[in-house]
1. Residue check, G265 against (1) part of a loop (DSSP other than H, G, I, E, B); (2) at pLDDT 85 or above, all met but one. Which one?
2. Got a sec? Which helices (runs of 4 or more DSSP H) wholly within the range 103-162 have at least 2 residues that are outside the structural domain of L72 (by TED's automatic domain parsing)?
3. Give just the number: which of (1) in a strand (DSSP E or B); (2) within 20 Å of the chain's Cα centre (by Cα); (3) among the small types (G, A, S) does A252 not satisfy?
4. Return the total of residues in the range 277-301 being part of a strand (DSSP E or B) and surrounded by fewer than 21 Cβ atoms within 10 Å (Cβ to Cβ).
5. Of the residues Q48, Q32, Q104, Q100, which is under 30 Å from G133 (Cα atoms) and out of contact with any Asp or Glu (no Cβ under 8 Å at 6 or more places or on another chain)?
6. (1) out of contact with any Pro (no Cβ under 9 Å at 6 or more places or on another chain); (2) outside any helix (DSSP H, G or I): which one isn't true of I70, the others all being true?
7. (1) surrounded by 21 or more Cβ atoms within 10 Å (Cβ to Cβ); (2) at pLDDT below 95: which one isn't true of F56, the others all being true?
8. If I filter the range 107-147 down to residues being surrounded by fewer than 24 Cβ atoms within 10 Å (Cβ to Cβ) and of a type in the set (S, T, N, Q), which single residue comes out as nearest to F302 (Cα to Cα)?
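The values are calculated or read from the model by the stated rules, or taken from the named source; none is laboratory data. Bear in mind the structure is a predicted one, so any value in this text is a computation, not a measurement. When we count neighbours, we look across all protein chains shown, and the Cβ atoms used for this are built from the backbone with ideal geometry, even at glycine.
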Amino acid sequence: MSPRYLVAVALGVMVAAPLSAQSVKAGIEEWQKADYAAAVAIWRPLAQRGDVDAQFNLGQAYRLGRGVPINLALAKSWFERAASKGHLDAQTTLGLLLFQNGDQADGLKWLKQAAESGEPRALLVYGTALYNGDAVTQDRLLGYAYVSKAAAQGLGPAKDTLSQLDELIAPADRQKALALSRAIPNGAVGAPTTKPQRVAQTRSADPKPAARKPPAAEPKAQAPRPAASQPAPSGNWRIQLGAFSQRGAAEALYNRVAGKSALAGRRPIYVAAGPVTRLQVGPFASRAAAQAACGSIGAACFPVAVK
């Protein structure tokens, strides 16, 4: 049995595939040797003939700009083809891509499908949206159930989010939510009976979408903005809130979160990366401080180190 397809985020586990998938495997072998153009050349005809793993991998190539120029529109198109046929990683990756680029409604539509199959990343993001009532009808019990299921499958960010939710939800409601979680299947990243292999990718080209976490407290309990006399924030860490094909979309997202107390005194940084613009905000003194800001602003983000 051989590895069959490429994974989008930092859940590096293994997959086996039938002998009929050897040509997909051959593409992964070229990718692992950093011959991305050769990998794309192998996957493209397979994707055009309907192989969902090849479609997913081709979407990854366009998303990362490996072997082809970065083209988020084509990445989205290939992810959609695989996702519409039930490819769990494609559903999750497409959902996260749309979610991070400001299209919450469509992103959550795909994440909902993946969450219902037990995919842990989708459970975390969709569950948090349910808890917060972000772009979906609020259901705190079901949201807690989804996040707890993701945490039970070992997803680190889900464990962090669950610890925050435990401080916000009453014990009786927690027990009701845990009862709901038992009906949620245990999902695997990738095919239902196999686990996908992580293909090595450089960190800068493969930003890991972080789950949108609930606020650490209700608005009235949030820490006040620092007084003007306090020293300006400093440090070598920022938070990244997404990558956008249009700078205007990045600016719009920053305008929505700029008033959060955790970002007081920080500034937006718009990082050009080929045809996309990455929205980062900083500085923060440490990774822990950046992660705490992500947890308190109610937006999908993750810490990045500044060289």
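1. The failed condition is (2).
2. none
3. Among (1) in a strand (DSSP E or B); (2) within 20 Å of the chain's Cα centre (by Cα); (3) among the small types (G, A, S), A252 violates only (1).
4. 3
5. Sole residue among the options that is under 30 Å from G133 (Cα atoms) and out of contact with any Asp or Glu (no Cβ under 8 Å at 6 or more places or on another chain): Q100.
6. I70 satisfies every listed condition except (1).
7. Here F56 clears every test but (2).
8. Residue satisfying both the conditions and the ranking: N132.
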